[in-house]
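Trainee: If you scroll down you'll find the structure; I have some questions about it.
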Amino acid sequence: MSPTKATQKSKSATATNKKGAVLTDEERAAMKELVKERKTAATKEEDASALLAKIAEMESSDRAMAKRVHAIVKASAPDLSPKLWYGMPAYYKDGKVVCFFQDAQKFKSRYATFGFSDAANLDEGGLWPVAFALKELTAAVEARIGALVKKAVS
């Protein structure tokens, strides 16, 4: 076998993991969390408690941001219901995810993410952002998150 073919063969074998699955270990874990979340019938208070417990499990820098984002979302749109979504803090309206916080460790990223689903009312022309990288929360960033959340639920 030529070196080129051997390299191509090894690359295609590593494109999927050793078990032949397409998902990474982190993605598989998120899917398991989603299945668990869907099987659990919980009250709004239990959902909120589970969300706060998940935030408490995060690494310190992400935990601080997640707590602050939670407070901003609740203050900006008190009618949103906190609940876990793929093991991440998320905020629902009429049973649909509007926005969510993804800690950096969730998928071994270099930054946390605050994102919106298609249920968010953020449409602006033919192009608009739906996710934001978070490295730190300044007063300006917090104000922008609050404004985006208000717009998303309007």
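The values are calculated or read from the model by the stated rules, or taken from the named source; none is laboratory data. Nothing here was measured: the structure is a model prediction, and the numbers come from that model. Because the Cβ atoms are built from the backbone with ideal geometry, glycine has one as well, and the counts that use them run over all protein chains shown.
Trainee: Applying the selection to segment 31-75, what residues are in contact with a strand residue (DSSP E or B) (Cβ under 8 Å, 6 or more places away or on another chain) and touching a residue at least 60 places away in the same chain (Cβ under 8 Å)?
Mentor: Once the filter is applied, which keeps residues that are in contact with a strand residue (DSSP E or B) (Cβ under 8 Å, 6 or more places away or on another chain) and touching a residue at least 60 places away in the same chain (Cβ under 8 Å), segment 31-75 yields MET65, VAL69, VAL73.
Trainee: Could you identify the single residue in VAL73, VAL130 that is touching a Phe, Trp or Tyr at 6+ places or on another chain (Cβ under 8 Å) and over 21 Å from ALA53 (Cβ atoms)?
Mentor: Working: VAL73 fails: over 21 Å from ALA53 (Cβ atoms).
Only one candidate qualifies: VAL130.
Trainee: Right, here's the next one. Does any residue of segment 78-87 turn out to be at positive phi and under 12 Å from the mean Cα position of the chain (by Cα)? Talk me through it step by step, then tell me what you get.
Mentor: Initial filter on segment 78-87 (at positive phi): 86-87.
Now drop any that are not under 12 Å from the mean Cα position of the chain (by Cα), which leaves 86-87.
Within segment 78-87 (the criterion being at positive phi and under 12 Å from the mean Cα position of the chain (by Cα)), the answer is yes, since at least one residue qualifies.
Trainee: Taking LYS108 and the conditions (1) modelled with pLDDT under 95; (2) surrounded by 14 or more Cβ atoms within 10 Å (Cβ to Cβ), which numbered condition does it fall short on, given that it satisfies the others?
Mentor: (2)
Trainee: Under 12 Å from the mean Cα position of the chain (by Cα) and acidic (Asp, Glu): which single residue out of ASP47, ASP94, ASP103 fits that description?
Mentor: Values: ASP47 fails: under 12 Å from the mean Cα position of the chain (by Cα); ASP94 fails: under 12 Å from the mean Cα position of the chain (by Cα).
Residue meeting the stated conditions: ASP103.
Trainee: With respect to ASP118, is the statement that it is under 15 Å from the mean Cα position of the chain (by Cα), surrounded by fewer than 16 Cβ atoms within 10 Å (Cβ to Cβ) and either polar (S, T, N, Q) or closer than 28 Å to LEU23 by Cβ (or both) true? Spell out the reasoning first.
Mentor: Details: under 15 Å from the mean Cα position of the chain (by Cα): yes; surrounded by fewer than 16 Cβ atoms within 10 Å (Cβ to Cβ): yes; either polar (S, T, N, Q) or closer than 28 Å to LEU23 by Cβ (or both): yes.
For ASP118, the condition - under 15 Å from the mean Cα position of the chain (by Cα), surrounded by fewer than 16 Cβ atoms within 10 Å (Cβ to Cβ) and either polar (S, T, N, Q) or closer than 28 Å to LEU23 by Cβ (or both) - is met.
Trainee: Right, next: Quick check on PHE116: is it at pLDDT 95 or above, in contact with a Cys (Cβ under 6 Å, 6 or more places away or on another chain) and closer than 17 Å to LYS151 by Cβ?
Mentor: In short, yes.
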